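Below you'll find the structure, written out as structure tokens, and then a few comments.
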Amino acid sequence: MIKDNTPVNASAAGTWRLGDLSVNRMGLGAMRLTGSAAFDHSAPSDRSTSIRVLRRAIELGVNHIDTAAFYFSRLRSANELINTALSPYPEDLVIVTKVGPGRDPSGQWYSATPEQLRGQVEENLRQLGRDHLDVVNLRRMSQPSIAEHFGALAELRDAGLIRHLGVSNVTADQLAQAQAIAPVVCVQNQFNLDVQAHSEVLRRCGEQGIAFVPYFAIAGEGREKGAAAREREGERVLAVAKAHGASAAQVRLAWTLQQGPHVLAIPGTGNPEHLEANIAAGALRLTDDDMVLLNSRLVGGS
């Protein structure tokens, strides 16, 4: 149960380490700061509101923000908003970014070659106003092997531009490819109540003490367009939410965190009220019966 008088703080979800960096397991995804949906699927956000969300997140104990240089809409850049709102940065703030995909100024997507990754890293450095990046995830697009790309990032880590490396959208075999080159501190894959294709990666990360950071934990099959893109919320989720006096989104976040102590949450929002509700979900503890009920929807339930 989420009690109304419980102080909202990201530390309620517990902590995990990204290499030598300790973060609260409830973080913030920056993708939705640029508009009501990601990229150009919506109208640009109100700049002052997005800045207020970022500053409020820090006040509520968030010390892990996930972003990317390709998170921008027609008028807003997530990295620029983060820099404006939070620089000079708190000492304990860990900013995680990702490279591999890219968007040109017109918004057209491209997949970076290994040689282009340095330019993407330097773009993040410029936008965030930093001399190094805490964690950089290599997001796989379609290539079966990530060794050459990950090797290029390992060289940038050795050069001091990156502190730690992670991977995103990978299989268990691709994770192993990366680990043969350099340590991996986190894996960022899609994983939620609706989509669980990466259960094996989740398990391996737990066995090896690697952070597993699911994206679209709330949006589910709605992906970049958000939770509103789902046709309806499942009855089992709504039943658990009602029992705890919580929202469906909070139940989804609590379910995510209860997949293991190594699992982090990075819900994205540009709405101050949604931000507080998301962080409050870190204090929600689902019962064993709740988890059985929720997981039963994966075998045909609504």
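What to note about this one:
- Average accessible surface area per residue within the chain, 1.4 Å rolling probe, Å²: 42
- Accessible surface, 1.4 Å probe, highest first, among residues SER168, SER106: SER106, SER168
- Modelled spin-label separation between ARG55 and VAL195, with each label point placed 7 Å from Cα along the Cα-to-Cβ direction: 3.5 nm.
- Per atom type, the stretch 121-271 shows carbon and sulfur on 48% of its accessible surface, probed at 1.4 Å.
- Between THR6 and GLN179, the contour length at 0.36 nm per residue exceeds the alpha carbon distance by 58.2 nm.
- Mean projected area of the Cα convex hull of the chain, taken over all directions, amounts to 14.5 nm².
The values are calculated or read from the model by the stated rules, or taken from the named source; none is laboratory data. What you see is a predicted model; the values in this text were computed from it and never measured. All Cβ positions, even for glycine, are placed from backbone atoms using ideal geometry, and neighbour counts span all protein chains on display. The protein model used for the area step is the full one, side chains on, heavy atoms only, and it has no ligands, DNA or RNA in it. Shrake-Rupley method; radii C 1.70, N 1.55, O 1.52, S 1.80 Å.
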